Each structure stands twice: as C-alpha cells, then as structure tokens.
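The values are calculated or read from the model by the stated rules, or taken from the named source; none is laboratory data. Predicted model, so just to flag it, every value in this text is computed and none were measured. Because the Cβ atoms are built from the backbone with ideal geometry, glycine has one as well, and the counts that use them run over all protein chains shown.
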C-alpha cells in the first residue's frame, strides 16, 4: 500500500516544488542529470512503507555520505548524450557507415549540421562514459557489506564490456575518422542499445545517491532507523527543521501509551516550526533520506496528514472555519479506518470564537486520543483545553515552548519544556508596537 498523504499536507510542510528554492525538495535537488531529477521527484512522491526497504535505501545514502565521491558531470553534455542515444541508428553497420559518409559529404557541400551533431553526440557519450569509468574505479570493489554493491556491478559490468575496450583510448579524441564514427555509432545506438538503457537508469540512481548524501553532509543530517509498524513509536533526541542548520534541536518521543503531544506556547515561540520539523522528518525517513534529527527511530506508518495552513475557499464559498472543519473531517475519516498515521493539527478551529474553539478542540482532541495506533501533535493557544484534558486522557504529553521576558521584550528559547504554558504576551506585543498610542494620537 502506498504511503498516504495529500496536497494540503505536502503544501503545509513545503515538501515539493522543483521551482521553489525554499522547498524540502530543493534542499536535496543537487543532481547533475535530468533523469536524476525525475527520479528524485518520483522518490519524493512515493515514500516507502516497508522497514527493510527503508533501511536498505538509507544504508546506501549513509554509505555515500561517508565517502565524498564526486560525479563530475556537465549537465548540458549529459543532455547532449541522452539526445544522441535516444535517436535511431541504422539496422546494420554498412547502413550506418553509408549514412555517416553521406552526412559528411552534405556537411562539406552544403554546410549541413547533421554530421557535426553526430560527432558532438558521440564525443559527449565517450567523455561521460570515461567520467563514469573513473568514478566506478573509485568505488570499493568487493568491499564487505558495501550497500551499493548491486548498483556498482551494473555500472562496472557495462563498462567492462569487451566491445568497449577502445573507450579509454578515445577519451581525448577530437576529430574521429568517419569510419570510426560509424563503428562507434552502430555500437552505441544499435548493438548496445538495451544495455545502455539499463546503464543510464543506474547512473540516474547514482546521481541521486550522491546528490542526497552531499546535501545530508552539508546540512549536518543523520539517518533514521525504521522499525516494524506494530511497534507504534517515534523517538529523536534532537529534532529540528532541515532548513535551519543552526536551529535548536528538541527531543521528542511518542509511543502507544503516550501517543499524543499537546503543544502550547505564544505566537512566534516555534510551535508551527516544531510541528513541521516532525512531519518533515517522518516523511523523509519513510523515503530513506537523511533527516534533521539525531538518534531517530520510528515505526513504519501508513501515512501523514496535517492541518497547519488551511485556507478559506472563496469559489466554494467556504469560510476559514468551515474549511478547518472539513479538514478535520478528512483526517478523522482516515484515522477512523484504523490506519497508523501521524496527524499534525496546528491551532485547531482558530477561525471561530473562543468558546466554540475551546469546546471543539477539547472534543476532537479527546476523540482522537482513543486511537493509540496513531501519533498526534496538536497545538493551541487555548491553554484551558490542556488543563481539561489532563483529567480526561492518560496518554497525552503536555509540552510548551517558553517565552522569556527581558523587560517588555519577549525572547524565545525554542526549547521544548514539559507542562502547559502560562505565557500571555499578546497585549504586551501590541503595546510594544504602540498601536493604541498611534490611534489615540491620530
């Protein structure tokens, strides 16, 4: 079964977005091939749901993160090679030779560019195959327990093909004779066509492994360990948002007996950032990617849902409150199916009056707490809800992100603290901005 999530969750956590420089995808999108980028997008859209597969993939990333290999590929040159290999050659060597000689003649008589394009595509292919040959030689052949052994074998087997024994000798060739161009062209685009297709697929995987591991190393990221789904637990000793390398790392542990974190704190104290950090870590961990958390271990889940930035819907005529209600309904439907989910609710029912928000937050939180197979983080400004829940549910953890007053200036520690906050700085912040004085003076 695929990992469950939806458009709202992906947007809340800013996970996707090839053209969004601040997305989580962009943190890892340092690939050097278009095929690698397509594969990276596919991995982001299809997290894994089997512990063994997750740990196997993260093992490969971890291996490369510790090795610092470099794939020195020119992206434009690689595209040139792909375009060349993707076009058809003749079905026989005599036909390819005749076509090559014809292109050469047309180039000399009419300045036709076909012959030059053929040479450029062939030279790009020879150059890139030699770059890959150099990299594969660096990979430890026969290293005991090497996680990438099967991928290395695919690359090495192709490059060791006896029909490519000439490859190293042509790495610096500039102007190849027409007969040799025809021979190599026939070999690449006809004889070895299927082998090259498999080879390129592995190159795309290698590109992703190196790019993701490089990003993990640069961002100080670690790797999580996946546990069977029936363990119902999450643990990290220092969890932070991956876009904040210097961010404060907080410990977070949830299990079947304490599967709900009820989070309070003032505005700007860091509640939403902590929730997003948790959600992103869970999502990336299911992909086998490095995470911004140390000592992380987690039970494999069926999916992840959030309600953090729920917009109103003018076209449907939905108010912000009704949009929130529909969002909670969507998540409740998934939870009630018995699925193992992570659920993130930030400031439930903030689109209605305080009394309704209190009653609704209390009722929904209490109802969700009955599903101990799921992991919940729920935040609110209405701290009275937390006090009421202490008498109703025995599986809640209460934590807050404190605000320290230095005179009339709030300072935020961003450190998770046990308990329920008493911070109420709303009017003080309004006062600091001199809003009332401004209106009175005006």
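A few notes on this one:
- Selected residue (criterion: nearest to residue 390 (Cα to Cα)) from residues of segment 224-253 that are part of a strand (DSSP E or B) and touching a helix residue (DSSP H, G or I) at 6+ places or on another chain (Cβ under 9 Å): 252
- Any hit, segment 321-343, residues being in the same structural domain as residue 227 (by TED's automatic domain parsing), part of a loop (DSSP other than H, G, I, E, B) and in contact with a strand residue (DSSP E or B) (Cβ under 6 Å, 6 or more places away or on another chain): no
- Lone unmet requirement of (1) out of contact with any helix residue (DSSP H, G or I) (no Cβ under 8 Å at 6 or more places or on another chain); (2) closer than 26 Å to residue 413 by Cα; (3) in contact (Cβ under 8 Å) with a residue 40 or more places away in the chain for residue 290: (1)
- Selected residue [buried (at least 19 other Cβ atoms within 10 Å of the Cβ) and either touching a residue at least 24 places away in the same chain (Cβ under 8 Å) or in contact with a strand residue (DSSP E or B) (Cβ under 8 Å, 6 or more places away or on another chain) (or both)] from 386, 419: 386
- Qualifying residue in segment 157-169 (condition: within 21 Å of residue 207 (Cα to Cα), surrounded by fewer than 20 Cβ atoms within 10 Å (Cβ to Cβ), at pLDDT 90 or above and out of contact with any helix residue (DSSP H, G or I) (no Cβ under 8 Å at 6 or more places or on another chain)): yes
- Residue within segment 43-53 that is in a helix (DSSP H, G or I) and more than 23 Å from residue 342 (Cα to Cα) present: no
- Residue 310 vs. criteria under 26 Å from residue 58 (Cβ atoms) and crowded, with 20+ Cβ neighbours inside 10 Å: no
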